[in-house]
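The values are calculated or read from the model by the stated rules, or taken from the named source; none is laboratory data. Bear in mind the structure is a predicted one, so any value in this text is a computation, not a measurement. Don't worry about glycine lacking a Cβ; one is built from the backbone with ideal geometry, like all the others, and counts go over all protein chains shown.
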Amino acid sequence: MLKGLLFDLDGVLTDSAKYHLAAWNQLATSLQIKLPPAANEQLRGRSRMDSLNLVLAYGDQQDHFTQAQKVALATRKNQLYQQLIQKMTAADILPGISNLLADAKAAGLKMVIASASQNAPTILTQLGILDQFDGIVDPATLKHGKPDPEIYVRAQQQAHLAANEVVAFEDAVVGVAAIKAAGQFAVGIGDALALHRADYVVPSTAALRLDKIKQAFNAKQE
Ligand code: BG6
Ligand code: MG
């Protein structure tokens, strides 16, 4: 029986994925690295340091920096990102999300955030929806980033639920992989081909309906 929803944040509740990409592009340009169009998909969902390593690899610069220099570069990216997100408000909640959260609350479902972003509490506060969630996994306490299942296993534990009692929402290929590795039901938001490992895919958040998701979830349990 469905008892809880686990949410990625960037690209699911709000379109902050575009700001992550813009900040990485600014950092890459300052290092004379040009990110290919594929970076848009490949950077989605990855932790800050995993993303930095990917950006440096695009420019064959992964061995050019010490660990301390990499931390400084990641901090610079985060400063650029924080400038971009500071004007976010409730108007930036993606279509369909407010209804989904309200329906889930009315149905008594637990809701936990499983975002790799250390900026998640700030963004949720700016969107005005922080208090709608029963918990947020602290990504600073994780050993592995997505596609490792750790963050989704932790989110499920914070909700005090079993893997077959939750549905998790993702826009990233590595995020869907993490959900499936955790043995949970994955809702993919975006390109059906890229997110083919998800159990249920919608092209955008506007198409999310709790009753339809429940139907697909129940059909899978039979
Ligand atoms: C994920 C984003 O949610 O968080 C990634 O999809 C980002 O793009 C990661 O790198 C870490 O975010 P932050 O805000 O801690 O740098
Ligand atoms: Mg995401």
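Some notes on this structure:
- Taking segment 80-97 as the range and being surrounded by 11 or more Cβ atoms within 10 Å (Cβ to Cβ) and out of contact with any Gly (no Cβ under 9 Å at 6 or more places or on another chain) as the test, the residues that pass are LEU80, TYR81, GLN82, GLN83, LEU84, ILE85, MET88, ASP92, PRO95, GLY96, ILE97.
- Boolean, ALA192 is on the phi < 0 side of the Ramachandran plot, more than 16 Å from ligand 2 (Cβ to nearest atom) and not in a helix (DSSP H, G or I): yes
- Residue within segment 165-177 that is touching a residue at least 12 places away in the same chain (Cβ under 8 Å), away from ligand 1 (no atom under 15 Å from the Cβ) and under 25 Å from ILE93 (Cα atoms) present: yes
- Any hit, segment 63-72, residues being within 16 Å of ligand 2 (Cβ to nearest atom) and either on the phi > 0 side of the Ramachandran plot or surrounded by fewer than 16 Cβ atoms within 10 Å (Cβ to Cβ) (or both): no
- Failed item, numbered, when LYS77 is tested on (1) more than 17 Å from the chain's Cα centre (by Cα); (2) under 16 Å from ASN119 (Cα atoms); (3) within 10 Å of ligand 1 (Cβ to nearest atom); (4) free of Cβ contacts under 8 Å to residues at least 24 places away in the same chain: (4)
- Sole residue being at pLDDT 95 or above and either within 16 Å of ligand 2 (Cβ to nearest atom) or more than 28 Å from VAL153 (Cα to Cα) (or both), chosen from LEU109, LEU84: LEU84
- For segment 23-40, taking the residues that are within 11 Å of ligand 1 (Cβ to nearest atom) and closer than 24 Å to ALA192 by Cα, the one that is modelled with the lowest pLDDT is identified as ASN40.
- Which listed residue, of GLY128, GLY135, GLY188, is closer than 21 Å to THR205 by Cα, away from ligand 1 (no atom under 16 Å from the Cβ) and free of Cβ contacts under 8 Å to residues at least 60 places away in the same chain: GLY128
- Odd one out for GLN156, checked against (1) outside any loop (DSSP other than H, G, I, E, B); (2) of a type outside the set (A, V, I, L, M); (3) within 16 Å of ligand 2 (Cβ to nearest atom): (3)
- Whichever residue in segment 46-69 is farther than 22 Å from SER16 by Cβ and aliphatic (A, V, I, L, M) and, among such residues, is farthest from ligand 1 (Cβ to nearest atom): ALA68
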